[in-house]
Amino acid sequence: MKKKRLVMIGNGMAGIRTLEELLKLNSQCYEIIIFGNEPHPNYNRIQLSTVLQGDTTIDDIIMNDWNWYKDNGIQLYTGEEIIKIDTDNKQVVSNQGRVTKYDELIMATGSSSFILPLPGADKEGVTGFRNIADCETMIESAKTYKKAVVIGGGLLGLEAARGLLNLGMEVDVVHLIPYLMEKQLDPVASKMLEAELSAQGMNFLMEKASAEIIGDERVTGLRFKDGSEVAADLVVMAVGVRPNIALAKESGFTVNRAIVVNDFMETSVPNVYAVGECAEHRGNIYGLVAPLYEQGKVLAEFLAGKMPDPYQGSVLATQLKVSGVDLYSAGEIMDDPSLKAIKVHNEFDGVYKKVLIRDNQIAGLVLYGDTKDSTRLYRMLRKKEDISEMTSVTILSSGCESAAANDVGSMADDDLVCGCNGVSKGTIVNAIQANGLTTVDEVGGCTNAGRSCGRCKSTISDILAYTLGDQYNKSAKKASICSCTHLSRDEVVAEIKEKGLTSVKEVMNVLGWKNEEGCSKCRPAINYYLGMINIENHRDDRDSRLVNEKMHANIQKDGTYTVVPRMYGGVTSAKDLKTIAEVAEKYDVPLVKLTGGQRIGLFGVKKEDLPAIWEDLAMPSGYAYGKTLRTVKTCVGSQFCRYGTQDTMGLGIKLEKKFERLDTPHKVKMGVSGCPRNCAEAGIKDIGFVGVDDGFEIYVAGNGGTDLRAGDLFGKVKTEEEAIELTGAYLQYYRETAEYLERTSKWLERVGLDHVKEVLTNEETRKALNKRMDQTLERYIEPWKEVIDHKEIRDKYYTVHQVLETVK
């Protein structure tokens, strides 16, 4: 029997999800042809902001690679746009003259950035933020220009602004109304978000109506209707999207704001369907991914010859993370006379919760800063549970009862885990049991859970542990280190050891990297693993270092750098202070500041001044930029303090001098306090020492950052020598078993405190670890000393990285 031909216009998330669902139901009923006007396979548009922010690469956000199309017998034409639909003859025509017949046609044309029709909107330097090309435009602009204006204070605009800040640009956000993200947040949450983002460096111009983009060929500024102006080298339009409906309109489809469809996603033209942001259902157009996937599932069942339940619209729930702030909203969000509100507003902790109630049922909710109750509250909203017997405390509880309600063991089978893809706990559990799934990635491949925004992956991991019990080993099966390879960290390390690989390029060639140049995630990781394994003969690949490590300084948001000399244990001298002051004056350093690690930082240093500054300082770097030992914070201890029981400065300096320059999977911080009053904050350091009457208590895996974690008591030692020996063994075991970019806090939670104690209790093992540590430390040289010793080379080149390469 000859297959029917299914043609799809568009290669985005909604359309491809429809085909994925269709292939699961019946992979043999259609010959499938796709036309996509971008030169890429299907990618995760939700993750574009992470590419702009530098957290991921374009390869990382590809959802269905080229092989997926090939394996499923799908013909994909990329960079080819359909310009005509001949509905009488059931054929489409592309801009390359290709004529393709269809039996069934899916319109999945999505939407485009709405570019305000302002005078000057066609100038160079004006862009939307909708696709990979827009991302690339902004990234390239940031290399040359420093002043950006984002028009639009919605989610897309704020994500663009955060990315541009990360790229070193100054950013003004222009918004027409008084509140940010007004579609997801009420005024209270909006103002809290504005305050937080302002502290991060965004400048907000609220209630400003744009009138004209200024400049000749390239934009130089933006003028407002009130006559005021703001300078700009780049203008990003993020004021919304418009469905791509021109083709449908020209072809005689019924079109309103988008392509009108019925409950089975049928358009007004026989055998033609629409799905995603280009479709209008019962007067609604959806921009969030969850409703689009719901539409795709209905359409897939319809095309497979099944009679699905009709699509009846979606209850919108939005879970977001904007510049590190957790947000959640669902249903109605604005106060109304017909609604009663339960509110918690904790300004000190930055938490705001609001639940709106009508007729003893939850009608909507807004959560800011603490969203862990979102699953429970959304379930109550979606199921229209009667809350008349509940108190406001139990509804908004964030204590033990709430924690229990959010534990995966207490979740109902129909509780949503992945809101983007509409995947419940029961679906995940059934898939694990039926298919023998053991990893988060396998669950995603089978159920689609976690494949969109990815915020539910930790819950999926918990469900795996809950379902498999003792059979689940989180550390045994890890995801690949990046999208360039299918190999995990453990597999890469094993291959390096077995095959005697010695360079980053060799690893990628021998192990069959998909991207022969690697990416910003895997190259630094491979370079680290090579150095950890090849202790004596490793040659560091500077090109595979993270950018701050290449420059020996921390890049700041304005493109300047911060130089931080080493001050062992926070102890300095009049001579060093005088040197720092002279350097600051000589190079007109804008800011000299005491850092949190008891050092002096020189902020605002020009890139070209870095080599000369290091020469004039003649001091070792504090490695404030490195994946290494950053600082050892100390109090004055028994030498000066009346409460001090031990020589904290002495131990701190010994630790810092021994382990400085050591490459580690992530940054490491230490603290040494002379008594349990803990003035050096040793309890929230990667390794902390607290003086007691007869020695030191040692605490490990603390973290004072966003994920605050108190250190675990590891043991007690009597002498400084014992403290240093145990530290060396602990650090070396961390170096050899952690994932690259895994902090000690996450590492210890993964491998277990008792396990590490058991390893280090063995004297022979401890000695072997320290031996490898000492061998590693012997190979380090101080690169800034190389710069000083080769002044003639320094004078010829402008960056520390170039100097070091020439010296080598």
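Give MET63, MET107 a once-over and let me know the one that is under 30 Å from ARG257 (Cα atoms), surrounded by 15 or more Cβ atoms within 10 Å (Cβ to Cβ), at pLDDT 95 or above and under 33 Å from the mean Cα position of the chain (by Cα).
Working: MET63 fails: at pLDDT 95 or above.
Answer to the check: MET107.
Within segment 138-151, is there a residue that is open to solvent by 50 Å² or more (accessible area, probe 1.4 Å), assigned to a helix (DSSP H, G or I), closer than 25 Å to ARG45 by Cα and charged (D, E, K, R)? Yes; the residues of segment 138-151 include at least one that is open to solvent by 50 Å² or more (accessible area, probe 1.4 Å), assigned to a helix (DSSP H, G or I), closer than 25 Å to ARG45 by Cα and charged (D, E, K, R). A single entry from THR562, THR502, THR579 fulfils the requirement of being at pLDDT 80 or above, part of a loop (DSSP other than H, G, I, E, B) and among the polar types (S, T, N, Q): THR502. Can you find a residue in segment 515-530 that is touching a strand residue (DSSP E or B) at 6+ places or on another chain (Cβ under 8 Å), part of a helix (DSSP H, G or I) and open to solvent by 10 Å² or more (accessible area, probe 1.4 Å)? Yes; the residues of segment 515-530 include at least one that is touching a strand residue (DSSP E or B) at 6+ places or on another chain (Cβ under 8 Å), part of a helix (DSSP H, G or I) and open to solvent by 10 Å² or more (accessible area, probe 1.4 Å). Do we find that ARG282 is among the charged types (D, E, K, R), open to solvent by 20 Å² or more (accessible area, probe 1.4 Å) and touching a strand residue (DSSP E or B) at 6+ places or on another chain (Cβ under 8 Å) in this structure? Considered against the rule, which asks whether it is among the charged types (D, E, K, R), open to solvent by 20 Å² or more (accessible area, probe 1.4 Å) and touching a strand residue (DSSP E or B) at 6+ places or on another chain (Cβ under 8 Å), ARG282 comes out as no. If you check LEU197, LEU205 for being among the aliphatic types (A, V, I, L, M), modelled with pLDDT under 95 and buried (at least 17 other Cβ atoms within 10 Å of the Cβ), only one passes: LEU197.
Can we say TYR352 is of a type in the set (Phe, Trp, Tyr), part of a strand (DSSP E or B) and touching a strand residue (DSSP E or B) at 6+ places or on another chain (Cβ under 9 Å)?
Details: of a type in the set (Phe, Trp, Tyr): yes; part of a strand (DSSP E or B): yes; touching a strand residue (DSSP E or B) at 6+ places or on another chain (Cβ under 9 Å): yes.
It is true that TYR352 is of a type in the set (Phe, Trp, Tyr), part of a strand (DSSP E or B) and touching a strand residue (DSSP E or B) at 6+ places or on another chain (Cβ under 9 Å).
Of the set (1) in a helix (DSSP H, G or I); (2) over 30 Å from the mean Cα position of the chain (by Cα); (3) at pLDDT below 90, all apply to TYR797 but (1).
Only a single criterion out of (1) surrounded by 13 or more Cβ atoms within 10 Å (Cβ to Cβ); (2) touching a residue at least 12 places away in the same chain (Cβ under 8 Å) is not satisfied by LYS383, namely (2).
Taken over segment 182-191, the criterion of being under 17 Å from VAL355 (Cβ atoms) and either of a type in the set (Ser, Thr, Tyr) or assigned to a helix (DSSP H, G or I) (or both) is satisfied by PRO187, VAL188, ALA189. Exactly one residue out of ASP226, ASP186 is among the charged types (D, E, K, R) and surrounded by 17 or more Cβ atoms within 10 Å (Cβ to Cβ): that is ASP186. Sub-7 Å Cβ pairs linking a first residue in segment 256-267 that is closer than 14 Å to SER111 by Cβ and open to solvent by 10 Å² or more (accessible area, probe 1.4 Å) to a second residue that is outside any loop (DSSP other than H, G, I, E, B) and not aliphatic (A, V, I, L, M), at least 6 apart or interchain, are ARG257/PRO243; ARG257/GLU280, ordered by first then second residue.
Against the list (1) touching a helix residue (DSSP H, G or I) at 6+ places or on another chain (Cβ under 8 Å); (2) over 22 Å from ARG743 (Cα atoms), the condition TYR625 fails is (2). Whenever a residue of segment 605-624 is more than 27 Å from THR664 (Cβ to Cβ) and in a helix (DSSP H, G or I), its partners that are modelled with pLDDT of 85 or more and open to solvent by 20 Å² or more (accessible area, probe 1.4 Å), lying with C-beta atoms within less than 8 angstrom and at least six residues away or across chains, give the pairs ASP609/TYR587; ALA612/TYR587; ASP616/THR579; ASP616/GLU582; ASP616/LYS586.
Exactly one residue among LEU377, LEU356, LEU327, LEU339 is surrounded by 20 or more Cβ atoms within 10 Å (Cβ to Cβ), without any contact (Cβ under 8 Å) to a residue 40 or more places away in the chain and either of a type outside the set (Val, Ile, Thr) or under 24 Å from GLY287 (Cα atoms) (or both), and that residue is LEU356. Considering only residues in segment 229-255 that are open to solvent by 40 Å² or more (accessible area, probe 1.4 Å) and assigned to a loop (DSSP other than H, G, I, E, B), the one that is modelled with the lowest pLDDT turns out to be VAL239.
Please work out which residue is farthest from the chain's Cα centre (by Cα), limiting yourself to segment 715-758 and to residues that are hydrophobic (A, V, I, L, M, F, W, C) and over 17 Å from GLY671 (Cα atoms). In this case the residue turns out to be ALA729.
Out of segment 584-595, which residues are open to solvent by 60 Å² or more (accessible area, probe 1.4 Å) and in contact with a strand residue (DSSP E or B) (Cβ under 8 Å, 6 or more places away or on another chain)? The answer is PRO590, LEU591, VAL592, LYS593, LEU594.
Each residue in segment 244-255 was checked for being hydroxyl-bearing (Ser, Thr, Tyr) and in contact (Cβ under 8 Å) with a residue 40 or more places away in the chain, and 1 of them qualify.
Within segment 73-90, being surrounded by 14 or more Cβ atoms within 10 Å (Cβ to Cβ) and either in contact with a His (Cβ under 6 Å, 6 or more places away or on another chain) or not in a strand (DSSP E or B) (or both) holds for ILE74, GLU80, GLU81, THR87, LYS90.
Considering only residues in segment 625-654 that are in a helix (DSSP H, G or I) and under 14 Å from GLY691 (Cβ atoms), the one that is modelled with the lowest pLDDT turns out to be GLN639.
If only residues of segment 161-183 that are at pLDDT below 90 and charged (D, E, K, R) are counted, the one that is surrounded by the most Cβ atoms within 10 Å (Cβ to Cβ) is ARG162.
Okay, residues lined up against (1) open to solvent by 30 Å² or more (accessible area, probe 1.4 Å); (2) of a type outside the set (Asp, Glu):
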position: VAL605; (1), (2): no, yes
position: ASP609; (1), (2): yes, no
position: ALA618; (1), (2): yes, yes
position: GLN646; (1), (2): yes, yes
position: GLU660; (1), (2): no, no
position: GLY671; (1), (2): no, yes
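In segment 633-653, the residues that are of a type in the set (A, V, I, L, M, F, W, C) form Cβ pairs under 6 Å with partners that are part of a strand (DSSP E or B), at six or more places apart or across chains, as follows: CYS635/SER673; MET649/THR634; LEU651/VAL672. Among the residues of segment 565-576, those that are touching a residue at least 12 places away in the same chain (Cβ under 8 Å), assigned to a loop (DSSP other than H, G, I, E, B) and open to solvent by 30 Å² or more (accessible area, probe 1.4 Å) comprise VAL571, THR572.
Conditions (1) in a loop (DSSP other than H, G, I, E, B); (2) open to solvent by less than 30 Å² (accessible area, probe 1.4 Å); (3) aromatic (Phe, Trp, Tyr), marked per residue:
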site	(1), (2), (3)
MET8	no, yes, no
ALA14	no, yes, no
GLN28	yes, no, no
HIS40	yes, no, no
THR57	yes, yes, no
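Would segment 759-766 turn up any residue that is closer than 26 Å to PRO676 by Cα, open to solvent by less than 20 Å² (accessible area, probe 1.4 Å) and at pLDDT 90 or above? Yes, segment 759-766 contains a residue that is closer than 26 Å to PRO676 by Cα, open to solvent by less than 20 Å² (accessible area, probe 1.4 Å) and at pLDDT 90 or above.
The values are calculated or read from the model by the stated rules, or taken from the named source; none is laboratory data. Every value quoted in this text rests on a predicted model; they were computed, and no experiment measured them. Please note: Cβ atoms are built from the backbone with ideal geometry, for glycine as well, and neighbour counts cover all protein chains shown. Only protein heavy atoms, including side chains, enter the accessible area calculation; ligands, DNA and RNA are left aside. Shrake-Rupley method; radii C 1.70, N 1.55, O 1.52, S 1.80 Å.
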